[in-house]
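> Let me give you the structure first, and then I'll get to my questions.
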Amino acid sequence: MTATAPAAPGPVARPARAPRSPWLPVALVLVVAATWWAADGIGFDVVELIASLGRANRIVSEAFPPNWGFVDQTIRPLIETFQMAVIATVIGCGIGLPVAMLASGISNPNRPLLWIDRSVLAVVRAVPDIMYALIFVSALSVGPLPGVLALILFNIGVIGKLLSETIDGIDPGPLEAATAAGGSRLLVNRWAVLPQVLPNYVAYALYSFELNIRASAVIGLVGAGGLGQLLQTQRRFFHYDNQLMIIVELFALVVVIEMISVWLRRRLV
Amino acid sequence: MIRLERASVTYPGGVQALRELTLEIPDGQMLVIVGLSGAGKSTLIRAINGLVPLTGGDLTIDGRSVVRASTRELREIRSKIGMIFQTFNLVRRTSVLNNVLMGRLHDAGTLRSLLGAYRAEDVELAMRALERVGIVDKAYVRASNLSGGQQQRVGIARALAQEPKIILADEPVASLDPPTSHVVMRDLQRINRELGITTIVNLHFLDLARRYGDRMIGMRGGELVYDGTGEAADEQVFRDIYGRSLTADDVLEAQAAV
């Protein structure tokens, strides 16, 4: 194709631009109104906020420098946090895999089962992790066990949501091939779905491991073991420098795990 | 023998893809189906292994109805029908061997397949299937690292690993270049002749259909408009199938020349 058609004498009429939506200004006004209503409702006041920074300043100066001598008392809870996260990630992600497969229309064509699984998953995710910790602490006892149970439910929610959405987006071709070969649903999912989402699954598991380390600080506040429980006792006695030490350690742990998981993910994909 | 009696498929949207089609396909035949896209070729192929359920009429394979089969019976029927796809439908992330072993899912046992602990016989069957299409050396290569033609051969090996009585091929060469198309079609023809596997192929290009089919059927609007040999199909037959005269777009060699 070397010869091109001769150019038309005048320019061809350009299509008219679609009219701007009249809803844009309405939406903007609504956002401003909602912000005003919310700020007014809770007494959010910027002047007040700046004034109270002075008080925060006192706490910060008491917290600095972190009490490095406190480290040896944190080692055991730190290890406990790590151990809780390991168990919760393994069990939670183990249960999360079939839960996620049941929650995607690609890997689960059974509508009633799909609906039940998705509903249960929605309820599991609707309850915050600290609420689970509260429930399990009062049902069982204070310590790492209720914390682990809370984290397991939390992980099922995370994996179920993220992985089922990943399954929704996979290539359905291999599923058709495995089905055509006479494979049962279970085996079709094992060989046509799992290999396609495996790198994502591992990435999500590492991510939820990281979330577990962080969550342990929060759920520990209600007595569910780990560093959070230590943080709570130090908070009660106003040892800000000890608290800062715990926060520094949590930060270091999360950063190290993040680095390891980035490295692992790069090798996997 | 595959037998369709007044087989109809109406999709939920109301599209009638098959209209009371009656057809007999004897064992060992190489049947080529031609027609425009939307003529019902893919529906016909998928009705044979029950991937698309009939909404009317009956379809039997060796006397067993695919329409009335239970889920378990359907799996058993499917295990003897290999299928080859236009886009290969391989799991690209996993090894060639794992893809071919998918053909053994029905017979390998649930626990064994679940753990990937296949019996040596199953692995050997998969290797022999790869040998037949000439790429056994690629068994442990990731499927995504193969060329299109090689990927389609993995698809054929996956079907062969089922030790099928029937092979269904849905536009198997539509994603391949002309020389590779001939290689794949020759593979299918050889398998049909040497193993006596009934082979049903949807094709877009008429020259391929005439060259490789023992028998050619033409479809248009869900109905059979031609049934005979490729050589006997004249200009009038093409008009019946395509609703117009034959053009360069309908033959692979002409496409290759462009």
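> Quick one: which of A:VAL188, A:VAL222 is within 13 Å of another protein chain (Cβ to nearest Cβ), more than 19 Å from the chain's Cα centre (by Cα) and either touching a residue at least 12 places away in the same chain (Cβ under 8 Å) or in a helix (DSSP H, G or I) (or both)?
Exactly one residue qualifies, and that residue is A:VAL188.
> How many of the residues making up region A:161-207 are in contact with a Phe, Trp or Tyr (Cβ under 8 Å, 6 or more places away or on another chain) and charged (D, E, K, R)?
Count: 1.
> Which count do you get for residues in region B:115-136 that are part of a loop (DSSP other than H, G, I, E, B) and of a type in the set (Lys, Arg)?
1
> Out of region B:189-210, which residues are modelled with pLDDT of 90 or more and either more than 18 Å from the chain's Cα centre (by Cα) or buried (at least 17 other Cβ atoms within 10 Å of the Cβ) (or both)?
B:GLN189, B:ILE191, B:ASN192, B:ILE197, B:THR198, B:THR199, B:ILE200, B:VAL201, B:ASN202, B:LEU203
> Based on this model, can you work out whether A:LEU227 counts as in contact with a helix residue (DSSP H, G or I) (Cβ under 9 Å, 6 or more places away or on another chain), under 27 Å from A:VAL71 (Cβ atoms) and either within 14 Å of another protein chain (Cβ to nearest Cβ) or crowded, with 24+ Cβ neighbours inside 10 Å (or both)?
yes
> Shifting gears a bit: For a quick check of your reading: which helices (runs of 4 or more DSSP H) sit entirely within region B:7-110 and have at least 1 residues that are touching a residue at least 60 places away in the same chain (Cβ under 8 Å), away from chain A (no Cβ under 14 Å) and buried (at least 20 other Cβ atoms within 10 Å of the Cβ)?
Of the helices (runs of 4 or more DSSP H) lying wholly inside region B:7-110, those with at least 1 residues that are touching a residue at least 60 places away in the same chain (Cβ under 8 Å), away from chain A (no Cβ under 14 Å) and buried (at least 20 other Cβ atoms within 10 Å of the Cβ) span B:41-48.
> Could you run through region A:106-135 and say how many residues are part of a helix (DSSP H, G or I) and surrounded by fewer than 21 Cβ atoms within 10 Å (Cβ to Cβ)?
The qualifying residues number 18.
> Looking only at region B:111-135, which residues are buried (at least 16 other Cβ atoms within 10 Å of the Cβ), within 13 Å of another protein chain (Cβ to nearest Cβ) and among the charged types (D, E, K, R)?
B:ASP122 - this is the single residue of region B:111-135 that is buried (at least 16 other Cβ atoms within 10 Å of the Cβ), within 13 Å of another protein chain (Cβ to nearest Cβ) and among the charged types (D, E, K, R).
> Limited to region B:136-173, what total is found for residues that are surrounded by 24 or more Cβ atoms within 10 Å (Cβ to Cβ), within 11 Å of chain A (Cβ to nearest Cβ) and basic (Lys, Arg)?
So the answer is 1.
> Return yes or no: is A:LEU163 part of a helix (DSSP H, G or I) and at the interface with chain B (Cβ under 9 Å from one of its Cβ atoms)?
Spelling it out, it is not the case that A:LEU163 is part of a helix (DSSP H, G or I) and at the interface with chain B (Cβ under 9 Å from one of its Cβ atoms).
The values are calculated or read from the model by the stated rules, or taken from the named source; none is laboratory data. Here the structure is a predicted model, which is why all the values come from computation and not from measurement. Note that we place each Cβ from the backbone using ideal geometry, even for glycine, and neighbour counts take in every protein chain shown.
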